[in-house]
Structures are given as C-alpha cells and as structure tokens.
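Input: a single structure, listed below in structure tokens.
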Amino acid sequence: PSPRISASDNERWQIILAPSLKLDANSELKLTSHIQLFDRDSKVRRQDNKLLIRNQSSTFRDQLYETELLYKRQVGDLLQLIVGGEYEQRRVIGEQLRKDRLDIDEYAFFGQAEINPFSWLTIVPGARVTKHENINARFTPAANVFLKPQEDLRFRLSYGEGFRTPTLSELYSFFTEPGGTAIQGNPNLEPEKSRSYSVGAEYHLPWAFFGVSPFRHDVRELIECQSTGPSACKYQNVSRARFEGVE
C-alpha cells in the first residue's frame, strides 16, 4: 500500500584498441585491448502519508580489462595457423559487497588451423585452454567443416565445447533494481559447461543471400537468478538446459 519511488542511473563506457603489424607477406601480429566500465546506481524510496518509511540505495561498478595477442601465419596454399594468448581481469566495486573491491584474473591460450586440402573443402579445428583464478584449467575443443560444391553454394557443420565462469556480479553483487527487486549474488556458483552443434546451408545470388542454420546448445549448471521471495532473487546453478532453434 505504500507508494514507492524508484530511480536508476546506468552508464557504460567502452574502449577497444586493435593495432596490427604485418611481419612479412605471410604473417601478421595483432594486439587487442578492451576496457569496459559499467556503473549502476539504484535508489528506492518508500513513503506513506508523506512520512518516509525506508530509503534504499545501492551502487555497483563492474570493470573489465582484457588484452589478447594473436599471431597468424599462412603456410603455402593449404594451411593457415593462428595461435594466441589472452589475459582478462574483472573487477567490481560496490557499497554492499563483502569487501570494498573484488577482482578475478583469467588466462587463456588458443590455437586454430584452417586446412584446405581441396578447393571445395575447408576444415577448421581449434582448441582453447583457460585458467580461471579459482577454477582448474579447462580444455575446450571446436571444429568446423565447410563444403563448397559450387561457387554460390556452401554447407557448414560445427561442433564446439565451452564453459563460462560466473561473473563477479553473479558471485558477489547485492543491489536493488528499478522497481525494487533485490538481486543477490552467490559465491558458491559453478561455471556453466556447454556443447554446441549446428549445420548450415548458404546460397548466394547476385542480388540476395539466403541461409538456414539449425542449432542446438546443451548447457549444464546454467546460471540464472532464481526467486527467493517477493521482489527478490538469488543466482543459482540450474541443473541442465537445452536451447534449440533455426536461424
């Protein structure tokens, strides 16, 4: 019955720098740096008969610093190699965290080969090893096969494995969304694990492009904000989830 006044101020700043260096006719070195700052400031005021009952506020800043170094080399006409490494730091600052500042580091190394044994066949295997500060290293393979029986017709088959570590917001946040919904983090979350399958067909005309791609994603330990009561939820690992569709 009490009137509620809610206000939220969200700001996001992002900078991406991607210089590259041509080492020779067949090789290239590329550095990508990414900085993203996201500020969320929410206020909720409850009053009855012009008498203030409760005044809530929460401030949450999410920061991302990411750097990737990539080396690409063409070996003859049949093979292209890509290797690289990545460093990422996520940091959060908030009024209602258990500490004034929390940060997590993540490292990754990856490689990919593009193999062209025939003019109509391209095979692209790849793999990635990721080490999260609080989680054991994970190996995630992927593979794509492209068939091009005609110049304007192409088929694709794809398989990939992956995992997503919980964000610091999902782990430690505690803030109030506009409308008064309380969001609570969960420091005991497990990373999401996934397997993805897709096939596709593409047809090109001089004036149009047509494509169809059925896909399926199987996810274990999906992270969602589960209701814990009226106007409140907490991030939890859902047992399993499946996403299917056609693009």
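The values are calculated or read from the model by the stated rules, or taken from the named source; none is laboratory data. Everything numeric in this text was worked out from a predicted model, so none of it was measured. A quick note on method: Cβ atoms are made from the backbone with ideal geometry, for glycine too, and the neighbour counts reach across all protein chains shown. Surface areas here come from the heavy atoms of the whole protein model, side chains and all, with no ligands, DNA or RNA. Shrake-Rupley method; radii C 1.70, N 1.55, O 1.52, S 1.80 Å.
Couple of notes before you dig in:
- Cβ-Cβ FRET estimate between Leu29 and Cys233, R0 fixed at 41 Å, reported to 0.05: 0.35
- Of the whole protein surface, Ser227 contributes about 100 Å² of accessible area at a 1.4 Å probe radius.
- Nonpolar atom fraction for the chain, defined as the carbon and sulfur part of the 1.4 Å probe accessible area, stands at 54 percent.
- In the context of the full set of protein chains, residues of region 66-167 present 60 Å² of accessible surface per residue (probe radius 1.4 Å, heavy atoms only).
- Order of exposure, largest accessible area first, which applies to Arg240, Arg40 with probe 1.4 Å: Arg240, Arg40
- Between the labelled values (1) 16.9, 48; (2) 23.5, 80; (3) 17.7, 54, the entry that holds Rg and Dmax of the Cα atoms in Å as derived from this structure is (2).
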